[in-house]
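Student: Before we start, here is the structure in question, set down as structure tokens.
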Amino acid sequence: MLRKFTFLKRRLLKLFVTVGGVASLLVTLASCGTSTASASSSGGTTTVGFIMVGSRSDYGYNQAVYVASQTVAKEMNNIKVITADNIPENSSVTQTMQAMVNQGAKIIFATSYGYFPYALKFAKSHPTVTVLHQGGYLTGKFPANFGTYWGEAFEPVSLGGMAAGSVTKTNKLGFVYAFPIPQTIDNIDAFELGAQSVNPKAKTYVVNTSNWCDPLKQKEAAAALLAQGADVLSQHQDCQAAVIEAAKQAHAYVVGYHYDASSLDPSGWLTGSVWNWAPLYKSIISTILSGHFKGSKYNANFVGSFAAHNNPLVLAPFGKAVSPAMRSKILAEEAKLKAGASIFKGPIYCQNGQLLVPPGVTPTYAQINNFSCFVKGVVGTIPQG
Amino acid sequence: MNGIEQTLIGGIAGGTAIVIPSLGELTSELAGIVNLGTEGCMLAGALGAYAVTVATGSAEIGVAGGAIAGAVFGLLHAYLTIYRKADQLTSGLVVWFLALGVTGVLGTSYVNDVITPLPVISIGGLSKVPWLGPILFHQDLLVYVGYVLVPLIIFILHRTRIGLLLRSTGERPEVVSVAGNRPNLIQATAVTIGALLAGVGGAQLSVGYVGTWFDDMTSGYGFVAVAVVLFASWKPLRVMVGAYIFGVALSAESVLQTNGIAINQYLLDALPYLVTLIALVIVSRKGGRKAPEALNRALIDVT
């Protein structure tokens, strides 16, 4: 009996190792992909790694990163691109960065907000590797091999707000977001201000999900907004299909974010803000390869903008629901932003009536990144930590 | 439509994705097998349903695909725990990880596919009942399946010979064996049916209420289903109540916000878990059933 039991246990153990092995292999397969621009090995080839928090085909934030990484692989010579997706925002990202370095990576793009502390620490402990963080903001001294980059996301988002404000019949716009981080607060404020610029009565109702991608919560949020009377939905989530599907079923309109998802709902799609990272990635990689990274604009908090003609976030194609007159109005506004105008030019007031931006003042990016209130016209509260 | 109605409508629809898997887990546990892989079976069900819907254009056929996908992972759990005597908790986690990996690989291309989800069906006269009608009887097919499952499972478990055998297996499999029945077969069937229902719950997410497929889209709700069974002390009605309450609280989280009601965010996020826990503690005060005696115990010499 005892012997039989031990025998069973041993066989069991073996089985588990096998099953567990298969499972982890599949997970690895799911999360790792390699694409090579040039097959030549180390001879002058630089390996660049991209790490994503979600799936590379999420029709959102991570797919935009993945698509751009593949453009880099295709368009740049002597660059080998390796990617890893579905990497959580914890010490897993450090392991992934180490694994990429072990595969010869010299440049690593850590592309999720929550990777920031891990990326910074990794850069400090690996001086020969250049680490770039997407969306972070470092106040303090930059290591010579570290940089953050982002874009003035709120610029195109405000244009999407204009489209939303122009089509709404109920004057209620819905916005589903994940966390009340500065980028998101800026986006919601810009969306509402954009809508107000064409429709002073437009109000933006906000719901947060405390998760970058939880389709059930997104659906509940969208359903609650639609029940409230919202007839345009927008969002700041990593995956956007659930909200778009909810809007589609209710015949409401959609302003997208991260990635052009117009094919999911061609009739409801108004426009959106979509990432076009490839030019920025290429520029950063070229700077590093030329040996001029240290002290450059990328060895800092780089923020692309319409005014500097290097905003990585651009306006998505218009859907048919946006009238030609409105399109030209939005494009005219885009031209103004490119000429240096700002959606956040004062006076701007918080929900509680407090002055956020004094009249006539155009806040700097750092100031905008410090906004801690929703503007007047937003319905909902910023969760207090 | 006011906030309370919307909370209930969304809560019933979303809660169905937890009710059905938790009734499946109940069936499995009453036969003596815990399936922590319920989360994985739900994921498999969600993808299976979505893939079949994309292929056939019919979400109803998709649900069948989801059920089968869930059952396949249930069979694996049954094989490991019953026929290979694996530790139930460990095997459940393996099933979860395996499903996570497999659906991650196979599901990649489906993220970009668009489907027509299960339509909302109004039940004739019932949907006209003031207030409750639109909440309970203006929902998709699987919500009604959820309604029917509770009485059905209560009936089978407590009023039929099969149910008696199943519950006996969960208590004293040796006795069942001596009486000339095959506890292993009974357990394997219960686990597979449980996983099948988990798959249907996953289908409610992908082709029912939400209508999209996404990696890891169950976000831990399968574990909620397992927890509900435990806290409901293995009583079907309580399981149902607990699972719906979780769904309603999840929906309330959004509705409170759209009505501009400010609540501390941590509290809001914890709401579904807290409310469900408190509710089940209250309903269990009268004392429930004890855990099946043979739960999580490998049978060594009984076949």
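Student: Determine which lysines satisfy two conditions relative to A:K329: a Cα distance under 18 Å, and not lying fewer than 8 residues away in the same chain.
Tutor: A:K320, A:K338
Student: I would also like to ask the following. Spin-label point model (7 Å from Cα, Cβ direction): what's the A:L355 to B:L185 distance in nm?
Tutor: Distance between label points: 8.4 nm.
Student: Rounding to the nearest 10 and keeping the result within 0 to 90°, find how far the Cα-based axis of helix A:182-198 lies from the longest principal axis of chain A.
Tutor: Roughly 30 degrees between the two axes.
Student: Sequence neighbours fewer than 8 away in the same chain don't count; with that in mind, list the lysines whose C-alpha is under 27 Å from A:K106.
Tutor: Leaving aside lysines fewer than 8 places away in the same chain, those within reach of A:K106 are A:K74, A:K80, A:K121, A:K124, A:K141, A:K282, A:K294, A:K297.
Student: Cα axis of helix A:2-31 to longest principal axis of chain A: angle in degrees, 0 to 90, nearest 10?
Tutor: Between helix and principal axis, roughly 50 degrees.
Student: Post the alpha-carbon centroid distance, the range B:74-151 to the range A:109-138, in whole angstrom.
Tutor: Here the answer is 39 Å between Cα centres.
Student: Here's something else I'd like to know. Cut-off 10 angstrom, C-alpha nodes, Gaussian network model of chain A. Which of A:A339, A:A73, A:A105 fluctuates the most?
Tutor: A:A339
Student: Follow-up question, since we're still on this one. Can you tell me the FRET efficiency between B:L164 and B:I282 if r is taken as the Cβ-Cβ distance and R0 is 35 Å, rounded to the nearest 0.05?
Tutor: 0.70
Student: For chain A, what is the Kirkwood hydrodynamic radius in Å, using each pair of distinct C-alpha atoms?
Tutor: Computed over chain A, the radius equals 22.1 Å.
Student: Okay, next question. Taking a ≥ b ≥ c as the square roots of the Cα gyration tensor eigenvalues, with a/c under 1.5 meaning rounded and otherwise prolate when a/b beats b/c, else oblate, which class fits the range B:40-174?
Tutor: Verdict is oblate for the range B:40-174.
Student: Then there is this: Which residue, chosen from B:S91, B:N264, B:M217, occupies the Cα position most advanced towards the positive end of the dipole of chain B, where the dipole is computed from +1 (Lys, Arg) and -1 (Asp, Glu) charges on Cβ about the Cα centre?
Tutor: With unit charges placed on the Cβ atoms, the residue in question is B:S91.
Student: What number does the range B:3-283 give for Rg over Rh if you use C-alpha atoms and the Kirkwood radius?
Tutor: The Rg/Rh ratio comes out at 0.98.
Student: Which aspartates and glutamates have a Cα less than 12 Å from the Cα of A:K172, not counting those fewer than 8 places away in the same chain?
Tutor: Those aspartates and glutamates meeting the cut-off are A:E192, A:D231.
Student: If one takes the longest principal axis of the Cα atoms in chain A, at what angle in degrees, from 0 to 90 and to the nearest 10, does the Cα axis of helix A:116-125 lie?
Tutor: Helix A:116-125 sits at roughly 50 degrees to that axis.
Student: Cα-based Rg (one decimal) and Dmax (whole number) for the range A:264-360, in Å?
Tutor: In order Rg, Dmax, the Cα atoms of the range A:264-360 give 18.0, 51 Å.
Student: Could I have the simple spin-label model distance between A:T139 and A:K169, label points 7 Å from Cα toward Cβ, reported in nm to one decimal?
Tutor: With each label placed 7 Å out from Cα toward Cβ, I get 4.7 nm.
Student: Which three lengths, in whole Å and largest first, does the protein assembly as shown cover when its Cα atoms are put on their principal axes?
Tutor: Sorted from largest, the Cα extents of the protein assembly as shown read 86, 69, 44 Å.
Student: If we sort A:329-336, B:89-96, A:354-361 on the protection proxy, mean other Cβ atoms within 10 Å, highest first, what's the order?
Tutor: The packing order, highest mean first, is B:89-96, A:329-336, A:354-361.
Student: I've got another one for you. Antiparallel versus total DSSP beta bridges in chain A: what percent is that, nearest 5?
Tutor: Taking every DSSP beta bridge with both residues in chain A, the antiparallel ones total about 20 percent.
Student: What average count of beta carbons from other chains do you get within 10 Å of the Cβ of residues in B:91-103?
Tutor: Across the residues of B:91-103, the mean count of other-chain Cβ atoms within 10 Å is 4.
Taken together, the values in this text are just the output of simple stated rules run on the coordinates, not laboratory data. These numbers come from a predicted model, not from an experiment. Note: ideal-geometry Cβ built from the backbone for every residue, glycine included; neighbour counts use all protein chains shown.
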